[in-house]
Amino acid sequence: LSAHAAPVASWSTTDATTWSNLVDFESAGPLANDTAVANQFQSQGVNFTGTVRANGCGVNVWDSYNGMAGTTLNTYGPGCVVNGNDETFSMKFAGDVSAIRLDAYLFDPSVYYNLPGRNTFSLYNDGQLVATLGLIDASYSGLAANSGQIIGSDLFVNYTEVKSGFLTLDGGGQVFDEVRYTEVNASQTGTYLIFDNLRFNNANAVPEPMS
């Protein structure tokens, strides 16, 4: 059997990878605030289940952060009110993928309040767990801890309780066909995730840096 690197989650200020698929969440047309997201993007190779909604607080509300103009998806509470529910959702792909990347904003102050557990993305293949990856504690490339920076017109942040940037989930050579998001401690922290521009590579397409 060939050895694989461990799957990993990471944040960065740059995206120098060529991706074979991009779902920008605009293809379904204008989505009303708090629209439940399910099969609107099936034609682009991904379905959603669980409590993920479109345009929490409105269209373009999060556009000061990297890549999040127009329609975004989120676990923010309905009616633009932070809720206390531990939200979960799944992204199910039409085939095996090797890595995904999101433009993302994560608020998870569990570590700040010294609470156990962290929000996670778990990778699955054919219903079997491949890896569970913590997000707020993941490494950040290109930005020092406890700092923020405007690059171009986009804000990137790397704080104990807030991350914003390119969020990558890499299978480390292992394939997966589903990604499940799980929140913890929401009743105490009001945690949430905002994201846009889902990029992914099919398992037979190895990401290559752009020249």
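Some points to look at:
- In nm, spacing of pseudo-spin labels at ALA32 and LYS92 (7 Å Cα→C-beta vector): 2.6 nm
- Charge dipole (debye, nearest 20) of the chain; +1 at Cβ of Lys and Arg, -1 at Cβ of Asp and Glu: 120 debye
- Rounded to the nearest 20 debye, the dipole size of segment 55-157 about its Cα centre is 40 debye, using +1 on the Cβ of Lys and Arg and -1 on the Cβ of Asp and Glu.
- Here the simple spin-label model places points 7 Å from the Cα toward Cβ, and for ASN85 and GLN128 these points are separated by 3.3 nm.
- Note on the chain: with neighbouring protein chains present and a 1.4 Å probe, carbon and sulfur make up 51 percent of its accessible heavy-atom surface.
- Exposure rule at most 14 other beta-carbon atoms within 10 Å, DSSP loop chymotrypsin sites (Phe, Trp or Tyr not before Pro): the chain longest free segment: 1-111
- Of all DSSP beta bridges confined to segment 1-158, the antiparallel ones make up roughly 85%.
- Per the Kirkwood formula applied to alpha carbons, segment 25-117 shows a radius of gyration over Rh ratio, Rg over Rh, of 0.97.
- For P(r) over Cα pairs in 10 Å bins from 0, in percent, the value calculated from this model appears in [x] 9, 36, 40, 14, 1, 0; [y] 7, 25, 31, 25, 11, 2, 0; [z] 9, 25, 26, 24, 12, 4, 1, 0 under label [x].
- FRET efficiency, 1/(1 + (r/R0)^6) with R0 22 Å, evaluated for SER139 and ASN114 via beta carbons: 0.55
- Between the listed residues ASN33, THR51, TYR76, the Cα displaced farthest toward the positive end of the dipole of segment 3-141, a dipole computed from Cβ unit charges relative to the Cα centre, is found at THR51.
The values are calculated or read from the model by the stated rules, or taken from the named source; none is laboratory data. Keep in mind it's a predicted model, so treat the numbers as computed, not measured. Note that we place each Cβ from the backbone using ideal geometry, even for glycine, and neighbour counts take in every protein chain shown. Heads up: the accessible areas ignore ligands, DNA and RNA and are worked out on the full protein's heavy atoms, side chains in. Shrake-Rupley method; radii C 1.70, N 1.55, O 1.52, S 1.80 Å.
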